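A short worksheet on the structure shown next.
Computed from the coordinates by the stated procedures, all read-outs in this text should not be read as laboratory data. The structure displayed is predicted, hence computed values, not measured ones. Note that each Cβ is placed from the backbone with ideal geometry, even for glycine, and that neighbours are counted across all protein chains shown.
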Amino acid sequence: MSGSEDLSSVLSEVYHALSAPRRCHVIQLLAKGDEDSLPVRTLAREIAAIEEDVPPDCATGEPYRNVYNALSQTHLSTLSEAGIIIYDSDRQTVAAGPNLDIAALLIVLNQATYQTLHGDSIPDLGGLDVPSITD
């Protein structure tokens, strides 16, 4: 396989992983965090808080359980297969994978592209800190 086919394959997997907002949230939470790894329960609480528009300590009950189950059953394995994260299912922790920076960059580039094509309105991505291309 040539280098361009390898890159094309990686980008295809990464773009597939970016197709779900919850996976994008995981990427951005890991990319902006100072920790080497995060517990799945912390990610689930943060994402439930974003989705419910509440502080993380109020993200409990059914919304939290729904996010936790979706992460555990679907999203984390997809991110892991794309090399974006390293998911330890035994310890229930998530760490940065070799493609995390690529995925985080693509999220920012996609948001900047959207902003350019649609004026000043960036879609609500749940409080994610996205630098403006006009700053």
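A few remarks follow.
- Here is the list for the range 21-95: GluC sites (Glu not before Pro) lying in DSSP coil, each with at most 14 other C-beta atoms within 10 angstrom of its C-beta, are E35.
- When Rg and the Kirkwood radius Rh are both evaluated on Cα atoms of the range 72-111, their ratio Rg/Rh stands at 1.03.
- Across all Cα atoms of the range 1-75, the radius of gyration (one decimal) and Dmax (whole number) stand at 14.8, 50 Å.
- Cα→Cβ-extended label distance, 7 Å offset, between Y15 and L109, nm: 1.0
- Computed E for T74/E52 - FRET, C-beta separation, R0 22 angstrom, nearest 0.05: 0.65
- Under the Karplus curve 6.51 cos²θ - 1.76 cosθ + 1.60, θ = phi - 60°, whole-Hz ³J(HN,Hα) for the range 22-28, x wherever Gly or Pro sits: 5, 5, 4, 4, 4, 4, 6
- Rounded to whole Hz, the Karplus (6.51, -1.76, 1.60) HN-Hα couplings of the range 113-119, x for glycine and proline: 5, 4, 4, 5, 6, 10, x
- Two-site label geometry, N66 and L117: point separation in nm, points 7 Å out along Cα→Cβ: 2.8
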